[in-house]
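Reading through the structure tokens given below for one structure.
What follows draws every value from the coordinates through simple rules; no lab data is involved. As the structure is a computational prediction, the values presented were derived from the model and not from experiment. Cβ sites come from the backbone with ideal geometry, for glycine too, and all protein chains shown count toward neighbours.
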Amino acid sequence: MPDTPSLPFPRPSKIVCVGRNYAEHAKELGNEVPKEPLIFLKPPSSLIAAGQPIVLPAMSKQIEYEGEIGVLIGKPLRHATAADAAAAVSGVLAANDVTARDLQRSDSQWTRAKGFDTFCPVGAPKAPPADLGTLSVVTRVNGQERQQASASLMVFTIPALLAYISNVMTLEPGDLVLTGTPAGVGTLAPGDEVEIEVPGFSRVRNPVRMHS
Ligand code: MG
């Protein structure tokens, strides 16, 4: 698949995402905190850059933002330790795991709910801090804050997530991992503008429009 010229980094071979990694968010959707990381994939074709519209698909009546800390992988990771995984992070960025919540409930696989074109807005990456647990994420819709949390509240830390994923599939240089959303998810409507910020590192703001 060709690179999308406007993306702030080369198209990854895969986007690995983590569900229910903040206890308050698991609770708000009526779910238990998982005993081990819950992982799923978004297709690289869902990526868009800042400023490009999130297009609401006709198949869904409930499309929601999920502000997340994204990490880019700099070195291959396979059966990695948490320490090796932490050292392999080459960049951190703001990401939006846009989700068709009604389809997530109706489908036992989340491929459709998470995989529509434009469902993965990403900001420009920046070199990671020494301690990934110091990162935080903020979501604003039309300028109003909706989500705010520190990575220190994650059920599984970022290095632990990467090590876990690397025991399932090789993480390749350029791959993107979305580390889960905190409490405060909510719906998007045409005309909204949604912004995810990893303060001090990255920001992505996108308009929302209806399918044509
Ligand atoms: Mg998510």
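Tell me the net charge near D97. Cut-off is 13 Å between Cβ atoms, D97 excluded, with +1 for each Lys or Arg and -1 for each Asp or Glu.
Local net charge: +1.
The stretch 34-92 to the stretch 115-157: how many Å between their Cα centroids?
Value for the Cα centre distance between the two parts: 10 Å.
Based on alpha-carbon atoms only, what is the radius of gyration of the stretch 19-125 relative to the globular estimate 2.2 N^0.38 Å?
The reported ratio for this selection is 1.16.
Count neighbours as other Cβ atoms within 10 Å of each site's Cβ, and list the chymotrypsin sites (Phe, Trp or Tyr not before Pro) in the stretch 9-114 that are DSSP loop with at most 12 such neighbours.
Counting only loop positions with at most 12 other Cβ atoms within 10 Å, none of the chymotrypsin sites (Phe, Trp or Tyr not before Pro) in the stretch 9-114 qualifies.
What is the magnitude of the charge dipole of the stretch 22-144 about its Cα centre, with +1 placed on the Cβ of each Lys and Arg, -1 on the Cβ of each Asp and Glu, and no other charges, expressed in debye to the nearest 20?
For the stretch 22-144, the charge dipole is close to 220 debye.
Kirkwood hydrodynamic radius for the stretch 64-164: how many Å is it when counted over pairs of different Cα atoms?
15.0 Å
Given the options A85, H25, I48, identify the residue whose Cα lies farthest towards the positive end of the charge dipole of the chain (+1 on Cβ of Lys, Arg; -1 on Cβ of Asp, Glu).
I48
Please report, in debye to the nearest 20, how large the charge dipole of the stretch 79-169 is about its Cα centre when each Lys and Arg carries +1 at its beta carbon and each Asp and Glu carries -1 there.
Magnitude of the dipole: close to 200 debye.
For the chain, what does the helix formula give at 222 nm: sum of -39500 (n - 2.57) over DSSP H segments with n ≥ 4, over the residue count, nearest 500 deg cm²/dmol?
-3500 deg cm²/dmol
The chain: longest stretch without exposed trypsin sites (Lys or Arg not before Pro) (DSSP loop, at most 15 other Cβ within 10 Å), sites themselves excluded?
Looking at the chain, 79-212 is the longest stretch - no exposed trypsin sites (Lys or Arg not before Pro) with at most 15 other Cβ atoms within 10 Å.
If you look at just the Cα atoms of the stretch 105-212, how large are its Rg and its Dmax in Å?
In Å, with Rg to one decimal and Dmax whole: 15.3, 45.
Around R78, what is the net charge, scoring Lys/Arg as +1 and Asp/Glu as -1 over all other residues with Cβ under 13 Å from its Cβ?
So the environment of R78 carries a net charge of -2.
Percent antiparallel among DSSP beta bridges with both residues in the chain, to the nearest 5?
Taking every DSSP beta bridge with both residues in the chain, the antiparallel ones total about 80 percent.
Could you run the Karplus curve 6.51 cos²θ - 1.76 cosθ + 1.60 with θ = phi - 60° over the stretch 184-201 and give me ³J(HN,Hα) per residue in whole Hz, x for Gly and Pro?
Once θ is set to phi - 60°, the couplings for the stretch 184-201 become x, 4, x, 7, 10, 10, x, x, 5, 10, 10, 10, 10, 10, 9, x, x, 10 Hz.
If you take the charge dipole of the chain about its Cα centre, with +1 on Lys and Arg Cβ and -1 on Asp and Glu Cβ, which of S13, P37, G143 is farthest toward its positive end?
S13
From the backbone phi of the stretch 64-76, what are the Karplus-calculated ³J(HN,Hα) couplings (6.51 cos²θ - 1.76 cosθ + 1.60, θ = phi - 60°) in whole Hz, Gly and Pro given as x?
For the stretch 64-76, the Karplus curve yields 10, 7, 9, x, 9, 7, x, 10, 9, 8, x, 9, x Hz.
Taking amide H positions as placed 1.01 Å from N in the peptide plane, with prolines and chain starts having none, which residues 5 or more places from N21, or on another chain, fall under 5 Å of its amide H?
Amide H neighbours of N21, under 5 Å, 5+ apart: T181.
Each residue of the stretch 20-28 in order: what ³J(HN,Hα) in whole Hz does its phi give by Karplus 6.51 cos²θ - 1.76 cosθ + 1.60, θ = phi - 60°, with x for Gly and Pro?
6, 9, 10, 4, 5, 6, 4, 5, 5
Where nothing but the Cβ of Lys and Arg (+1) and of Asp and Glu (-1) is charged, how large is the charge dipole of the chain around its Cα centre, in debye to the nearest 20?
Computed charge dipole of the chain: roughly 240 debye.
Please say if the chain is rounded, prolate or oblate, where rounded means a/c under 1.5 for a ≥ b ≥ c the square roots of the C-alpha gyration tensor eigenvalues, and otherwise the choice is prolate for a/b larger than b/c and oblate otherwise?
rounded
How high is the relative contact order of the chain, in percent, with contacts defined as C-alpha pairs under 8 Å that are six or more residues apart?
Reported as a whole number, the value is 33 percent.
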